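Chemist: Handing you this structure, nothing more for now.
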Amino acid sequence: MSRVFGIVALLALAGCASSQNWGWYVIDPRTPNGWTNVRFLVGGMGATILLSVVAAVLSMALGLLVALPGFSAHRPLRLLNRGYVEFVRAIPLLPMLFWVFYGLPIVFRSMGLSVQIDPFWGAVLTLAISDSAFTAEIYRSGIQSIGRGQSEAAQTVGLTHWQTMRHVVLPQAVRRILPPLGNQFIYIVKMSSFASVIGMQELTRRANELVVTEYRPLEIYTLLIFEYLVLVLVISSAVRWLERRMGADERNG
């Protein structure tokens, strides 16, 4: 459905190509130049998807590692959890991206290491770290929503704290945190556009390059918006499908 919507929207824009006040011909797939431009723009979608998926997976893993110490009986671990979340949430994404991409290699050189970070991994690390603080809070709220009675029952049969988390609490919490995790994935997809400032050839970078050559920012950025819209609609549909499947499993179980 999302693909059909994108095609219809593109054709609608192309239909305005004859207007003298607009320059939709630059993305009109019926002309050789327009088709070349469309292919160039859409060609960045693979990089955007790969960047977003890798960053989301790392963010969810790191967020879980950050969230679990917050439930520890040891105060230093709880303070570590709270300090990480508050510190990372306070840093805007763009300055963090610049620090990771330009500053981290300097830190490594000061340690006697020669490490260069390419745009892809610089963007992945930044998105994963930035989003992990929000993901950790999602895990925390989901885990806290599970009644204490279940944890106490698990511990009475001999399960340790971490075994209780792994086998009893987390499987139930996942069902409840799936919608907000889906929202965070959408957030990562949109924030991946910042990778354009360090030279990664994703959707926004390609749109910027095309604007420089065609001098038609309105038309090109309009298509860029529709590309992100299609991605978000696909992700939203996938998350709703997972919610239905996991909800059905929960009812059947």
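Chemist: Do we have residue 63 as loosely packed, with under 13 Cβ neighbours inside 10 Å, modelled with pLDDT of 90 or more and under 18 Å from the mean Cα position of the chain (by Cα) here? Give the derivation first.
Modeler: Values: loosely packed, with under 13 Cβ neighbours inside 10 Å: no; modelled with pLDDT of 90 or more: yes; under 18 Å from the mean Cα position of the chain (by Cα): yes.
Answer is no for this residue.
Chemist: Can you name every residue in region 25-58 that is among the charged types (D, E, K, R) and assigned to a helix (DSSP H, G or I)? Let's see the steps before the verdict.
Modeler: Our first condition is that a residue be among the charged types (D, E, K, R); within region 25-58, this holds for 28, 30, 39.
Residue satisfying the conditions is 39 alone.
Chemist: Sort out which residues of region 102-151 are basic (Lys, Arg) and more than 23 Å from residue 176 (Cα to Cα), and write them in order of number.
Modeler: Answer for region 102-151, where residues must be basic (Lys, Arg) and more than 23 Å from residue 176 (Cα to Cα): just 109.
Chemist: I'd like the full set of residues that are farther than 18 Å from residue 53 by Cα and either within 14 Å of the chain's Cα centre (by Cα) or of a type in the set (Ser, Thr, Tyr) (or both), limited to region 110-136. Give the derivation first.
Modeler: Keep residues of region 110-136 that are farther than 18 Å from residue 53 by Cα, which gives 110-117.
110, 114 - these are the residues of region 110-136 that are farther than 18 Å from residue 53 by Cα and either within 14 Å of the chain's Cα centre (by Cα) or of a type in the set (Ser, Thr, Tyr) (or both).
Chemist: Within region 72-87, can you find the residues that are out of contact with any Pro (no Cβ under 8 Å at 6 or more places or on another chain) and crowded, with 18+ Cβ neighbours inside 10 Å? Before the answer, list the steps.
Modeler: Filtering region 72-87 for residues out of contact with any Pro (no Cβ under 8 Å at 6 or more places or on another chain) gives 72-76, 79, 82-87.
Passing the criteria: 84, 85.
Chemist: I'd like to know if region 232-245 contains one or more residues that are among the acidic types (Asp, Glu), within 30 Å of residue 171 (Cα to Cα) and assigned to a helix (DSSP H, G or I). If you could, list the steps in order and put the result at the bottom.
Modeler: Pass one, region 232-245, residues among the acidic types (Asp, Glu): 243.
The next check asks that each one be within 30 Å of residue 171 (Cα to Cα); those that pass are 243.
From the residues that got through so far, the ones that are assigned to a helix (DSSP H, G or I) too are 243.
Yes, that holds for at least one residue.
Chemist: Quickly run through region 59-83 and pick out the residues that are aliphatic (A, V, I, L, M) and either within 18 Å of residue 128 (Cβ to Cβ) or in a helix (DSSP H, G or I) (or both).
Modeler: Residues of region 59-83 that are aliphatic (A, V, I, L, M), as a first pass: 60-62, 64-68, 73, 77, 79-80.
Within region 59-83, 60, 61, 62, 64, 65, 66, 67, 68, 77, 79, 80 meet the criteria.
Chemist: Then there is this: Name the one entry in 124, 107 that is in the same structural domain as residue 176 (by TED's automatic domain parsing), crowded, with 21+ Cβ neighbours inside 10 Å and at pLDDT 90 or above.
Modeler: Working: 107 fails: crowded, with 21+ Cβ neighbours inside 10 Å.
Matching residue, one of 124, 107: 124.
Chemist: Could you grab the pairs with beta carbons closer than 8 Å, sequence gap of 6+ or different chains, first residue in region 192-215 and over 19 Å from residue 49 (Cα atoms), second one part of a loop (DSSP other than H, G, I, E, B)?
Modeler: Once the first residue is over 19 Å from residue 49 (Cα atoms) and sits in region 192-215, its partners that are part of a loop (DSSP other than H, G, I, E, B) give 214/23.
The values are calculated or read from the model by the stated rules, or taken from the named source; none is laboratory data. What you see is a predicted model, and the numbers here were worked out from it, not measured in a lab. Cβ: placed from backbone, ideal geometry, glycine included. Neighbour counts: every protein chain shown.
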